Every structure is written in C-alpha cells, then in structure tokens.
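The values are calculated or read from the model by the stated rules, or taken from the named source; none is laboratory data. Predicted model, so just to flag it, every value in this text is computed and none were measured. Cβ placement follows ideal geometry from the backbone for every residue including glycine, while neighbour counts extend to all protein chains displayed.
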Amino acid sequence: MYEIFSEAFSTMLGAVGRIFLVIVAAGFLVRRKILLEEHVTALSWVTVNVLLPCMMFSKISANFQADTLSFWWFIPLTSAAMIFAGVAFGYLFYLRRYREKQFLIPLASMQNAVYLVLPIGLFMYPDQFDEFATYNFLFLIGFTVVVWSLGKVLITGASFRKIGYKDFVTPPLVASTGTLLLVLLGLHRFVPAMVMDAVDLVGDATIPVSNLVLGATLGGISFKVLPKIADVVKLTVIKYMLLPLTVILVLHSIGLKDTRPLLADMLVIESAAAPATALILQVRAYGGDRQTIGSNMIVSYAICLLAIPFWIAVWQLF
C-alpha cells in the first residue's frame with residue numbers, strides 16, 4: 001500500500017512541479033517588469049478568446065462520441081455540484097461572519113479548472129490526453145456558468161441583478177457548448193480537414209501560454225497584505241481536505257474508477273486544484289478586496305503543490 005501511494009505521489013508531484021516552475025518563472029518576469037501588466041492582459045485576452053476556444057473545438061470534435069459517452073451530461077452537472085459543495089462548506093465555516101467573509105468562499109470552492117488541470121493531464125496522461133481534455137472541456141461547461149454568476153457575486157459583493165447574459169456568454173462556454181451541439185447533430189463531419197488542422201495547430205499553444213498567464217497573474221499580486229492565519233486554515237480545510245475527500249467518497253461509491261478511470265482521476269484532480277484565476281480577473285474588472293484575495297490565493301497555490309499529488313495518491317488506494 002505504501003509503495004502504491006509513494007509512486008502515485010511522486011509521479012504527480014513531478015508533473016505539478018514542472019507546471020509550477022513555469023508559473024514561478026512567469027511571476028519572476030512580472031516582478032522584474034520584463035513582462036508588463038499590459039502584456040499579461042493581452043495574453044489573457046488571446047488565451048480566453050482564441051487559443052482555448054480553438055483547443056476546445058479541436059479536442060471535442062475529434063474525441064467526443066455521444067454513443068460511447070452517453071452520460072456526457074453528468075460531467076458539467078458534476079462540475080456545478082462540486083462547486084456548490086465547496087460553497088456549502090464555506091457557508092458553514094463562515095456562518096457567523098458570512099457577509100464579511102463571503103468573498104473568501106469562492107477561493108475554497110471554485111478551482112482552476114483549465115489552466116492548471118490541463119497541463120497536469122498532459123504530463124500525467126500523454127497517451128490519453130485527448131480524452132482527458134474532452135472530459136475537462138465538458139467539465140468547464142458547468143464551471144463557467146456557476147463561476148461567472150455565483151462566483152462573481154460572492155467575490156465582488158455584487159448583486160445578481162447586475163449580472164447580465166453577457167457575463168455567461170464567454171468564448172470558452174460558446175466554444176464548448178457550440179462544438180458539443182455540432183457533434184451531437186453530426187455537423188462536425190462537414191468541417192474541412194484543412195480547417196481542423198489549422199484550428200488544432202492554434203489550440204496547441206493553449207497550455208504553455210495559459211501557464212504563462214497564470215504565473216504572470218499570480219506574480220502581479222502584492223505581498224504587502226499577508227493573509228490571516230484563521231482564513232488560511234479554514235480555506236485549506238475546505239479546499240484541500242473536505243472537498244477532495246467528499247469527491248473521492250462519492251466517486252468510490254458509484255464505482256466510476258472501474259468504468260471510467262481517466263474521468264475519475266480528472267475529477268479528483270479538479271477537487272484538489274487551486275482557486276480559479278477567473279476570480280482575480282473578476283476582482284480586477286468589477287472590484288473587491290484584491291490584496292486579501294490575492295494573498296490568500298498565493299498561499300493556496302503553494303499548498304496545492306502537495307495537495308494534488310497527495311489526493312491522487314490516496315485515490316489510487318481505493
């Protein structure tokens with residue numbers, strides 16, 4: 001049992017460690033002002049509006065088959081359920097100071113579903129990456145809807161009344177749902193091979209650029225305001241203990257590891273992933289306690305370096 005745990009932990013740690021090296025390097029470039037904020041903003045725009053949609057279209061259209069993945073609808077629902085479970089835990093932990101601390105709850109419940117998880121999938125499952133990416137993009141459908149509605153309200157203190165349909169209609173959501181519809185209707189077969197190859201070529205740039213954006217975003221966060229120990233402890237307990245354990249127990253009870261082991265692995269990784277970078281983007285765009293949120297996020301990413309390997313190793317024991 002120890003050998004299984006140790007091997008799984010060290011393998012995943014190596015994969016996560018490579019990703020974090022890129023993140024640290026990008027953060028260093030920002031600190032040294034070699035990579036400026038306007039550069040990061042431009043890279044973020046290109047990633048969200050061009051690269052990621054291209055990768056979604058390429059992977060889903062090439063790998064999603066409704067007849068062999070008849071339960072595809074389960075994946076976006078699982079995404080939303082995972083977030084709501086984290087929000088529920090956060091509400092219980094901050095019950096007495098909910099209004100004051102509600103902006104911290106998204107950090108404990110809304111994970112970096114793409115920029116961090118996709119590269120891990122590439123390093124850990126190179127031979128199955130296309131399938132892994134397809135699962136990930138289906139997961140993103142539920143994630144995007146919840147994060148850009150409930151997440152925005154909680155982290156910025158905004159009102160649901162101020163959320164318009166444009167907040168939901170993001171390029172990744174359009175790309176994932178649109179491609180899914182094309183495949184279900186069988187229309188993707190009429191897309192010329194040359195077009196598919198071009199889209200796939202552009203989409204391949206998603207992972208390295210997104211890691212650069214993630215590191216640059218974290219590197220731009222000031223260390224002037226240190227997080228409170230009590231908040232760090234609560235966020236850690238929710239994000240890296242209760243949520244992964246809950247997901248593992250549910251997956252084990254329904255036997256997903258026996259029927260779809262790669263999907264099960266992806267969901268475990270998602271459950272222990274660090275907070276979504278979309279949360280920082282929301283604070284930058286709509287307001288909020290950027291310093292407190294940023295400092296807690298940096299600590300959370302540091303913990304994530306060990307949390308993902310730990311829980312994927314625990315999962316191998318089930």
Problem set entry | Checking residue 237 against (1) in contact with a helix residue (DSSP H, G or I) (Cβ under 7 Å, 6 or more places away or on another chain); (2) surrounded by 13 or more Cβ atoms within 10 Å (Cβ to Cβ), the condition it does not meet | (1)
Seminar exercise, completed: Note on the stretch 287-318: residues modelled with pLDDT under 90 and aromatic (Phe, Trp, Tyr) are 318
Exercise. Can you find a residue in the stretch 248-267 that is crowded, with 22+ Cβ neighbours inside 10 Å, aliphatic (A, V, I, L, M) and over 24 Å from residue 124 (Cβ atoms)?
Worked result: no
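For a quick check of your reading: which helices (runs of 4 or more DSSP H) sit entirely within the stretch 1-87 and have at least 1 residues that are modelled with pLDDT under 90, hydroxyl-bearing (Ser, Thr, Tyr) and out of contact with any helix residue (DSSP H, G or I) (no Cβ under 6 Å at 6 or more places or on another chain)?
Details: elements: 2-31, 37-46, 52-63.
Result: 2-31, 37-46.
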For this session: Taking residue 125 as meeting all but one of (1) buried (at least 18 other Cβ atoms within 10 Å of the Cβ); (2) touching a Phe, Trp or Tyr at 6+ places or on another chain (Cβ under 9 Å), write down the number of the exception.
Result: (1)
Problem set entry | Restricting the stretch 262-286 to residues that are at pLDDT 95 or above and not aliphatic (A, V, I, L, M), the residue that is nearest to the chain's Cα centre (by Cα) | 270
Exercise. Given the residues 74, 20, which is the only one that is within 19 Å of residue 266 (Cα to Cα), of a type in the set (A, V, I, L, M, F, W, C) and without any contact (Cβ under 8 Å) to a residue 60 or more places away in the chain?
Worked result: 74
Seminar exercise, completed: In the set 104, 95, the lone residue that is in a loop (DSSP other than H, G, I, E, B), farther than 30 Å from residue 180 by Cα and among the aliphatic types (A, V, I, L, M) is 95
Problem set entry | Lone qualifier among 22, 46, 16 - being within 20 Å of residue 172 (Cα to Cα) and either of a type in the set (Val, Ile, Thr) or surrounded by fewer than 20 Cβ atoms within 10 Å (Cβ to Cβ) (or both) | 46
For this session: Out of the residues in the stretch 25-43 that are among the β-branched types (Val, Ile, Thr) and surrounded by fewer than 19 Cβ atoms within 10 Å (Cβ to Cβ), state the one that is farthest from residue 312 (Cα to Cα).
Result: 34
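Listed residues 226, 235, 305, 243; which is touching a Gly at 6+ places or on another chain (Cβ under 6 Å) and of a type outside the set (S, T, N, Q)? If you could, list the steps in order and put the result at the bottom.
Working: 226 fails: touching a Gly at 6+ places or on another chain (Cβ under 6 Å); 235 fails: touching a Gly at 6+ places or on another chain (Cβ under 6 Å); 305 fails: touching a Gly at 6+ places or on another chain (Cβ under 6 Å).
Going through 226, 235, 305, 243 in turn, just one is touching a Gly at 6+ places or on another chain (Cβ under 6 Å) and of a type outside the set (S, T, N, Q): 243.
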Exercise. Taking the stretch 111-157 as the search range and keeping residues that are among the hydroxyl-bearing types (Ser, Thr, Tyr) and modelled with pLDDT under 90, which one is nearest to residue 77 (Cα to Cα)?
Worked result: 144
Exercise. Out of 173, 218, which single residue is hydrophobic (A, V, I, L, M, F, W, C), within 18 Å of the chain's Cα centre (by Cα), at pLDDT below 80 and surrounded by 18 or more Cβ atoms within 10 Å (Cβ to Cβ)?
Worked result: 218
